[in-house]
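Written out below as C-alpha cells is the structure these notes cover.
Computed from the coordinates by the stated procedures, all read-outs in this text should not be read as laboratory data. Given the structure is predicted, the values throughout are model-derived calculations rather than measurements. Here the Cβ is made from the backbone with ideal geometry for all residues, glycine too, and neighbour counts use every protein chain on show.
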Amino acid sequence: MSLRNTVIWFALLANAWIADAKSGQVIRDGFLDLSTWNAAQSPVIELSGDWEFYWSQLLEPSEFAFASPKGSELLRVPGGWYRHSNHPKHGYATYRLRVKLDLIRDIAFSWPTVWSASRIYLDGVLIDEKGIVGTVDDPKTYKPGVRNGHRAFRPKSTEFDIVIHASSFEFFSTGLSSPPQLGTVLGIQNMRERSFH
C-alpha cells in the first residue's frame, strides 16, 4: 500500500471514529450531565471540553469529597496543558471530570495515551497506572509509561468523578492530548475494535 493510500485510510478511520464519538453532550466547568443521555442513539461520548485542572498538584479522589481543592482552573481537553494555558511543558497535574447519569448502569471508559506517566481513577478507584507519576524529573520517582486502555465499570451512584494524574518531563506532548470516551460497554468495545483494524 502506498504512503498516500495509507494516509487516506487512516484519515477515513479517524473520521469514522470521531463521528461515532460525537454525541452532542457538552462538558462545561468540569461537569458532564448525562441525565438525558440516549445510550442507544449515542453509545459513545467524546469527553472534550473544559475539565477541572490542578497544576502542580496530585490530588487523591477523596480530596474532592466535600469541596474542590484550591488551585482549580479549567483546561480544554483535548490538548497538551502547555497549549491551552501558560504552564510549561514539563510538570505534573490532576485532571477531574464530574459526571451525572440518569441511573446506575454498567458503562465503560476509554482513555488515550496520557503523556507521559499517569494514574487513572474511576469513581474513587485506581483502575490504571502507566509509568511512575512523579513531581520531579528524577528516575527514582518518575518514569514515563504510555499506553491507552479501557475499563468497564458500574458506578456506586448516579454521580461520580474521573480523576487523572499526569506528569511529563521529557516528551513533546503533555497530559490529555486526545480526548477520552465514555459510553456503553458494547459501544466502547466496538469503537476500539474499529480503531485497531
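Potential lengthening of the chain between D29 and H90 amounts to 19.5 nm, from the contour at 0.36 nm per residue minus the alpha-carbon distance.
Multiplying the residue separation of S62 and L74 by 0.36 nm and subtracting their alpha-carbon distance yields 2.3 nm.
Taking other C-beta atoms within 10 Å as the exposure proxy, L126, L101 rank L126, L101 from fewest upward. Using the empirical formula 2.2 N^0.38 Å as the baseline, the Cα radius of gyration of the stretch 77-197 reaches a ratio of 1.09. Shown is the FRET efficiency for V125 and V146, computed with R0 = 30 Å from the Cβ-Cβ distance and rounded to the nearest 0.05: 0.85. Karplus-based coupling profile of the stretch 102-110, in residue order and whole Hz: 7, 7, 6, 8, 6, 9, 9, 10, 10, with θ = phi - 60° in 6.51 cos²θ - 1.76 cosθ + 1.60 and x standing for Gly or Pro. Amide hydrogen proximity for L47: with H placed 1.01 Å from N in the peptide plane, the residues at 5 or more positions away or on another chain lying under 5 Å are Q181, L182. Phi-derived couplings, Karplus 6.51 cos²θ - 1.76 cosθ + 1.60 at θ = phi - 60°, listed residue by residue for the stretch 88-101: x, 4, 8, x, 8, 6, 10, 9, 9, 10, 8, 10, 10, 9 Hz, with x used for Gly and Pro. Lys-Lys pairs in the stretch 3-195 that are eight or more residues apart or on separate chains and whose Cα atoms lie under 29 Å of each other come to 18. Cβ crowding within 10 Å, taken as a proxy for footprinting-reagent exposure, orders D137, D50 from fewest neighbours to most as D137, D50.
Sorting Y82, Y121 by the number of Cβ atoms found within 10 Å of their own Cβ, with the fewest placed first, yields Y82, Y121. Its DSSP H runs of at least 4 residues, each contributing -39,500 (n - 2.57), put the calculated 222 nm mean residue ellipticity of the chain at -5000 deg cm²/dmol, to the nearest 500.
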